[in-house]
1. Of all residues in the range B:311-328, which are closer than 22 Å to B:Gly435 by Cβ, over 26 Å from the mean Cα position of the chain (by Cα) and not in a loop (DSSP other than H, G, I, E, B)?
2. From B:Ile95, B:Ile68, grab the single residue that is away from every other protein chain (no Cβ under 14 Å) and more than 14 Å from B:His378 (Cα to Cα).
3. Counting only residues that are more than 13 Å from chain B (Cβ to nearest Cβ) and surrounded by fewer than 18 Cβ atoms within 10 Å (Cβ to Cβ), give me the strands (runs of 3 or more DSSP E) lying completely in the range A:80-190 with at least 3 of them.
4. Go through the range B:233-257 and give me each residue that's within 16 Å of A:His195 (Cα to Cα) and in contact with a helix residue (DSSP H, G or I) (Cβ under 9 Å, 6 or more places away or on another chain).
5. Scanning for something part of a helix (DSSP H, G or I), closer than 21 Å to B:Gly419 by Cβ and more than 9 Å from chain B (Cβ to nearest Cβ), does the range A:34-51 turn up at least one residue?
6. Mind checking which strands (runs of 3 or more DSSP E) fall wholly inside the range B:91-180 and carry at least 1 residues that are in contact with a Lys or Arg (Cβ under 6 Å, 6 or more places away or on another chain)?
7. Is it the case, given these coordinates, that B:His63 is modelled with pLDDT of 95 or more and out of contact with any strand residue (DSSP E or B) (no Cβ under 7 Å at 6 or more places or on another chain)?
Amino acid sequence: MAYDKFNILKSTAVPLPIENIDTDQIIPARFLKATERVGFGDNLFRDWRYNPDNTPKKDFVLNNPVFSGKILVGGKNFGSGSSREHAAWAIYDYGFRCVVSSFFADIFRGNCLNIGVLPVQVSPEFAEKIFAAIFADPKTEIEVNLPAQTITLLATGEKETFDINSYKKNNMLNGFDDIDYLQSIKPEIEEFAAHLPL
Amino acid sequence: MSKTLFDKVWDTHVVRKIEGGPDVLFIDRHLIHEVTSPVAFLGLKSRGIKVLYPNRTFATADHNTPTINQHLPVADPLSANQLKALESNSNEYGISYWGLGHQKNGIVHVVGPEYGITQPGATIVCGDSHTSTHGAFGAIAFGIGTSEVEMVLATQCIMQPKPKKMRININGKLGVGVTPKDVALFIISQLTTSGATGYFVEYAGDVFENMSMEGRMTVCNLSIEMGARGGMIAPDETTINYVKGREFTPKSEAWDKALAYYKTLKTDADAVFDKELTFDGSAIEPMITYGTNPGMGMGISHDIPDAAHAEGGAATYAKSLGYMGFHEGDSMIGKPVDFVFVGSCTNGRIEDFRAFTSLVKGKHKAANVTAWLVPGSHIVEAQIKEEGLLDILTEAGFELRQPGCSACLAMNDDKVPAGKYAVSTSNRNFEGRQGPGSRTMLASPLVAAAAAVTGKVTDPRTLIEELV
């Protein structure tokens, strides 16, 4: 199923400089009971964002109107833990299209790529620069350029390149997904299956 | 060319390689449950495609299910709806469905091996990160997201870049009171929660060779907690004896063919790993976690490290200890315990209940502790009764609940209240994992037993010595 195409994204960003943010924080398990992919953004970072009585926690970044944008910048080892794709859905549904971190957990990274959210891994030094730039000026803009595989702090022009394999890059640019591809090679899969040891 | 165990299984399943991209990997067995599959089925419906190999797919309900009164309708309407969706999707697409009340129902990573769905050298996926459990059999098993669940339902394939390879060697004799869970928590404490990200791990050495299949499953289950996609152990006589004759294990001629394949499943002597680590098994203590990720663990007799010696930035560390209500330099011994949970895909097997029971035998549950003992499956539940463990547990003031994931992720009613402390044999101590505001200390069934009878964190070795 096709998803949004991703090309060049220019946006302000929301900083979350905490390390090892796990998918239970991104979307707690009690919000995984839906049978459709709707409404997950409301519960993004639920327990960091809201008190038990559902009032917003004033000190959490998503409740601070100073910070906004389509880019979420997280601390090292973002998305560890559970394989729940709901975490990526919640990030997308909230309005983010790109997550930046100096290190991503594997499954989370793959889930993002599969739904059209671009995970951009930068060096720890560049991550620090991004955090500093956002905190110094929350209106500062960041450009994520997928064709060129660069991320740029537009105020200073400081940039870094990032990795993405060419297959996934092509998918993101065109809004293709893996099932489209796999469906197209089904006869080859069926032939392969006939000769397996198990 | 020399190959690792991982290479052999992976390469056997590559349908095609994409230049500059992932491999198309064929999946032998696909396990599904109620939480991560409904949206995948919706995707199939909207594309108008069928499940390619329904007989390679198995469905069980576990994440949402109650662990008492399973004969009654599920009270939570959202949970009930999700369970109903799994049942109707399974029926519609011709998939074996082991729902609540079915004799084969239980935690997906417990029942898969019990019925022989898990086989050496197989590729196994499930929309659950603890799918790494099945690596205990020398399978490549890993957790996937819902888009990938849809992919596997539709085409029995997944698109994955081949991970790097790591081997973790542990030799030596484990000390008294040291269990497979402690070995795993020790490894994670050394590597941190991201130390094996990007790798598939092979566990090697006599510590693993001497483990039962249950112990190996506990170790491989926790591979994801150091960031590894999965972990595996080469199949040997212990493995073959376990799988032989189970319901979905190949039979007669197919068994002979399978056996010949299983015997090829070991790392060649001169095969090279991207990373290799070695630890001394005799140095491992009973472990406990003090923070909010599984890497924040230590020998139970140690004090909580100060920030300078901890992984992660000082702010993250302070947030974590603040959540737990602990301080740098605290001893864990004597910390208060309100709840004890024994169960989950990590420690919900018969050996775990044997260990727990051995320590509580002749003692009594502490009055301040609420204990939830949740078998991983009906087979485990039946074994607990047949082996007389239930009588001992009842005598000691414990009750047995019905199978399910339960308080490991608290999607059902088994929630630890805010601010309360739980010693848990499960796999994650993340903030709120066992209920909003809950505080989790991960440990082995023996450490859980020691906490359950003393009402506080206690080194199980002190109680074992009493017994001797």
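The values are calculated or read from the model by the stated rules, or taken from the named source; none is laboratory data. Computed from a prediction, not measured in an experiment: that's the story for all the values here. Positions of Cβ are backbone-derived with ideal geometry, glycine not excepted, and every protein chain shown enters the neighbour counts. For the accessible areas, the whole protein counts, side chains as well, though only heavy atoms, and no ligand, DNA or RNA atoms are used. Shrake-Rupley method; radii C 1.70, N 1.55, O 1.52, S 1.80 Å.
1. Filtering the range B:311-328 down to residues closer than 22 Å to B:Gly435 by Cβ leaves B:319-326.
Cutting the leftovers down to over 26 Å from the mean Cα position of the chain (by Cα) gives us B:319, B:322, B:325-326.
Matches in the range B:311-328: B:Lys319, B:Gly322.
2. Numbers: B:Ile68 fails: more than 14 Å from B:His378 (Cα to Cα).
None of the other options fit; the residue is B:Ile95.
3. On the way: elements: A:98-101, A:118-121, A:142-145, A:150-153, A:158-161.
Those strands (runs of 3 or more DSSP E) span A:158-161.
4. B:Pro250 - this is the single residue of the range B:233-257 that is within 16 Å of A:His195 (Cα to Cα) and in contact with a helix residue (DSSP H, G or I) (Cβ under 9 Å, 6 or more places away or on another chain).
5. Looking through the range A:34-51, at least one residue is part of a helix (DSSP H, G or I), closer than 21 Å to B:Gly419 by Cβ and more than 9 Å from chain B (Cβ to nearest Cβ).
6. On the way: elements: B:96-98, B:123-126, B:140-143, B:157-160, B:164-171.
So the answer is B:96-98, B:123-126, B:140-143, B:164-171.
7. When the stated conditions are applied, B:His63 passes them.
Here is a yes/no grid of residues against (1) part of a strand (DSSP E or B); (2) under 30 Å from A:Arg49 (Cα atoms); (3) open to solvent by 10 Å² or more (accessible area, probe 1.4 Å); (4) touching a Lys or Arg at 6+ places or on another chain (Cβ under 8 Å):
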{"position": "B:Gln383", "(1), (2), (3), (4)": "no, no, yes, no"}
{"position": "B:Thr394", "(1), (2), (3), (4)": "no, no, yes, no"}
{"position": "B:Gly397", "(1), (2), (3), (4)": "no, no, yes, yes"}
{"position": "B:Ala407", "(1), (2), (3), (4)": "no, yes, no, yes"}
{"position": "B:Val416", "(1), (2), (3), (4)": "no, yes, no, yes"}
{"position": "B:Gly432", "(1), (2), (3), (4)": "no, yes, yes, no"}
{"position": "B:Gly435", "(1), (2), (3), (4)": "no, yes, no, yes"}
{"position": "B:Ala451", "(1), (2), (3), (4)": "no, no, no, no"}
{"position": "B:Thr462", "(1), (2), (3), (4)": "no, no, yes, no"}
